[in-house]
Amino acid sequence: MCHYTASLVARALESAGIPTVIIGTMRSSLVDVPRALITPYADAPMGPAGAREVHRAVVASAMDLLRQAEEPVKATFDPEQRTLPA
């Protein structure tokens, strides 16, 4: 799904009271979203194919963002620490 479409879906879900986090790679394309996790993996926001530990770390970071964010935020995933920056 493209970033623009994901942004539209997230806004619709949020307006219905369902919290969302978008995992994406293009910060500038994620417009008016409440929570986004930006990863450095150009064509695969979850990480390289078959990299299960990376995939788990991305999902864990997205879930942390969902629990912690009290205002709109675009956080950057740190592949070295595999966590959100403090």
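Throughout, read-outs are computed from the coordinates displayed, never taken from laboratory work. Computed from a predicted model, the values in this text were never measured in an experiment. When we count neighbours, we look across all protein chains shown, and the Cβ atoms used for this are built from the backbone with ideal geometry, even at glycine.
Between amide H atoms placed 1.01 Å from N, distances below 5 Å from Asp78 occur with Thr83, all of them 5 or more places distant or on a separate chain. Summarising the label geometry, the points placed 7 Å from Cα in the beta-carbon direction at Asp78 and Tyr41 lie 1.9 nm from one another.
Assign one of three labels to the range 1-46, namely rounded, prolate or oblate, based on the Cα gyration tensor with a ≥ b ≥ c the square roots of its eigenvalues; rounded applies when a/c is under 1.5, prolate when it is not and a/b is larger than b/c, and oblate otherwise. Prolate. Evaluated at q = 0.11, 0.12, 0.18, 0.23 Å⁻¹, the base-10 log of the normalised Debye intensity for the range 3-76, with identical point scatterers placed on the Cα atoms, takes the values -0.25, -0.30, -0.67, -1.03.
For the range 30-37, 3J(HN,Hα) computed residue by residue from phi via the Karplus equation (6.51, -1.76, 1.60; θ = phi - 60°) reads 8, 9, 6, 9, x, 9, 9, 10 Hz, glycine and proline entered as x. A Förster radius of 25 Å combined with the Cβ-Cβ distance from Glu71 to Thr25 puts the calculated FRET efficiency at roughly 0.65.
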